[in-house]
């Protein structure tokens, strides 16, 4: 379900920095720092060898460039990702996200309805839930790209910020001819509730 209540996360963190965040997204997209979305990668590996970690681009419908995992930068990502404006911004806040990624849905992509469990990243919060902040960065205009939560559909447009509870069923689609790019940032509800 979409969340409209206030949290300790000021939405201006995202909206006031939209242009700089989008610049990071475009730079990383054009540098091919995105790879197939999967839960199988070990983002905590203590290595700086990005080339051996990142699989070959396959054109899979959902691509990500991870920025933050478990409230820290990810050592496996390139230095320019680890010290980007967006990563630094997220990690400079009083409350750090447990996960943050740039996300691309390829043209025609339709994700299956699902519920996530990012709270598992921090076992201390197994009884909480996670709110995802979904910032639209690069939304094609020739067809609907949408986020659907709890039966409510929100057609995306550049610069909008949608917040939802990841434990509720949700999905996204990109019914356009271009790639759809967003920033997704996950926070533990128990840490950000007012």
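The values are calculated or read from the model by the stated rules, or taken from the named source; none is laboratory data. Source: prediction; values computed, not measured. Neighbour counts are summed over all protein chains in view; Cβ atoms, including those assigned to glycine, are modelled from backbone coordinates with ideal geometry.
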Next item on the list: For residue 119, indicate whether it is part of a helix (DSSP H, G or I), in contact with a strand residue (DSSP E or B) (Cβ under 6 Å, 6 or more places away or on another chain) and touching a residue at least 40 places away in the same chain (Cβ under 8 Å).
Entry: yes
Notebook entry, point to check: Hey, any hits in segment 92-109 for a residue that's outside any loop (DSSP other than H, G, I, E, B) and surrounded by fewer than 17 Cβ atoms within 10 Å (Cβ to Cβ)?
Noted result: no
Next item on the list: Considering every residue within segment 183-190, establish whether at least one is over 24 Å from residue 35 (Cα atoms), free of Cβ contacts under 8 Å to residues at least 12 places away in the same chain, out of contact with any strand residue (DSSP E or B) (no Cβ under 9 Å at 6 or more places or on another chain) and not in a loop (DSSP other than H, G, I, E, B).
Entry: no
Next item on the list: Considering each of 26, 21, 9 in turn, give the residue that is touching a strand residue (DSSP E or B) at 6+ places or on another chain (Cβ under 9 Å), modelled with pLDDT of 85 or more and assigned to a loop (DSSP other than H, G, I, E, B).
Entry: 9
Note to self: Being modelled with pLDDT of 85 or more, within 20 Å of residue 181 (Cα to Cα) and in contact with a strand residue (DSSP E or B) (Cβ under 7 Å, 6 or more places away or on another chain) narrows it down to one residue among 35, 102, 85; which is it?
What the structure shows: 102
Notebook entry, point to check: Among the candidates 168, 150, 159, which residue alone is more than 24 Å from residue 33 (Cα to Cα), exposed (fewer than 15 other Cβ atoms within 10 Å of the Cβ) and more than 14 Å from the chain's Cα centre (by Cα)?
Noted result: 150
Item checked: Filtered residue count, segment 131-169, keeping only those that are out of contact with any helix residue (DSSP H, G or I) (no Cβ under 7 Å at 6 or more places or on another chain), within 21 Å of residue 6 (Cα to Cα) and touching a residue at least 40 places away in the same chain (Cβ under 8 Å) -> 13
